[in-house]
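For reference, the structure is listed below as structure tokens.
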Amino acid sequence: MGGSGLARLGPFFVVEPVDDGPWRPLDDLVSGHALGERVAWTSEALGHRAGVEVEERVAASTASLGIFARLLSPAIGAALLGESAPDPGSLLWQPAPGGPMRLASHAWGQHPPREVVDIVIAPLVERLDTDHGVSTTIGWGNAVSAVHGAVQMVARADPGLAPAARGVLLGLLEHPRLSGTAEVGPPFVRRSCCLYYRLPGGGYCGDCVLAHRI
């Protein structure tokens, strides 16, 4: 079993052993109905908090930020710790109200973050565009924001890994899908906006291109 040290990096990095719980195949999220379910849940939660009806693409973009961070973080953490990573094709998941969704896997090996980008993130970005009106420009911006968030979490959990974490960020920014999506800085600034500002009181994220143009 791999990933024994991932938990010390934070909840976004945890991958559990498979048990008899209500696990769902990740394909339900990537190509099935579960993505729409997560968007609807996010829309309801945001609408309740803001007291308004939430645009579908705003809810979808917001949902994807958490989904991408959760799916990318274990692979990034494993690469930095020199551990095995879960096979992205074998991941199981289940929602966890009030926190990041739970992940489990029974297959571990050498699965770099780029593999997660290609196998899981890329089809989700396309579905967000075709099914929920979130452009691929925004989708890939959300993905690079999730990468940056993951390396920041690693650096906070273990400051000694900060230089290597920055190296992982720079390496992923050479991926054809992520190239040109952000300025590394400091400060790190993505070249697109996740649309969260369109919620009443939403404001701008710290890495938002709009925030750094004001």
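The values are calculated or read from the model by the stated rules, or taken from the named source; none is laboratory data. Values in this document were obtained by computation on a predicted structure and should not be read as measured data. So basically every Cβ, Gly included, is an ideal-geometry build from the backbone, and we count neighbours across all protein chains shown. Please note that ligands, DNA and RNA were not included when accessible areas were found on the heavy atoms of the full protein model with its side chains. Shrake-Rupley method; radii C 1.70, N 1.55, O 1.52, S 1.80 Å.
Calculated FRET efficiency, Ser4 and Glu37, Cβ-Cβ r, R0 22 Å, to nearest 0.05? About 0.10, to the nearest 0.05. The residue among Gly201, Val184, Gln152 whose Cα reaches farthest toward the positive pole of the charge dipole of segment 151-205, with charges on the beta-carbon of Lys, Arg, Asp and Glu, is Gly201.
Gain on full extension, evaluated as 0.36 nm per residue between Ala107 and Thr130 minus their Cα-Cα distance, stands at 5.2 nm. Ranked from largest, the principal axis spans of the Cα set of segment 95-214 equal 42, 35, 33 Å. Calculated mean residue ellipticity at 222 nm for the chain: -14000 deg cm²/dmol, from DSSP H runs with n ≥ 4 weighted as -39500 (n - 2.57), summed, divided by the residue count and rounded to 500.
A probe of 1.4 angstrom, applied to the heavy atoms of all protein chains, finds Asp118 with accessible area near 90 square angstrom.
Taking every protein chain into account, the accessible area of the chain amounts to 45 square angstrom per residue (probe 1.4 Å).
Across segment 34-157, Cα pairs under 8 Å and at least six residues apart give a relative contact order of 28 percent.
Packing here is the average count of other Cβ atoms within 10 Å per residue, and on that basis the peptides 47-54, 175-182, 91-98, highest first, run 175-182, 91-98, 47-54.
Would you mind checking segment 136-167 for residues with the amide N under 15 Å from a putative spin-label position 7 Å along Cα→C-beta of Val209? Those under the cut-off are 136-145. Over segment 127-184, the ratio between the Cα radius of gyration and 2.2 N^0.38 Å evaluates to 1.27.
Only helices reaching 18 angstrom along their own axis (Cα) with mean Kyte-Doolittle hydropathy no lower than 1.0 count here, and for the DSSP H runs of the chain these are 56-81. Along the axis of the charge dipole computed for the chain (Cβ charges of +1 for Lys and Arg, -1 for Asp and Glu, origin at the Cα centre), the listed residues Ser4, Leu173, Pro88 are led at the positive end by Leu173.
Charge dipole (Cα centre; +1 on Lys/Arg Cβ, -1 on Asp/Glu Cβ; no other charges) of the chain amounts to roughly 680 debye. Size descriptors for segment 97-142: radius of gyration and Dmax over Cα atoms are 13.2, 35 Å. Rolled with a 1.4 Å probe across the full set of protein chains, the surface gives Ser135 an accessible area near 40 Å².
Its Cα gyration tensor gives the chain an equivalent ellipsoid. The semi-axes, each the square root of 5 times an eigenvalue, are 25, 22, 15 Å from largest down. When the solvent-accessible area of the chain is split by element, carbon and sulfur atoms take up 54 percent of it, the probe being 1.4 Å.
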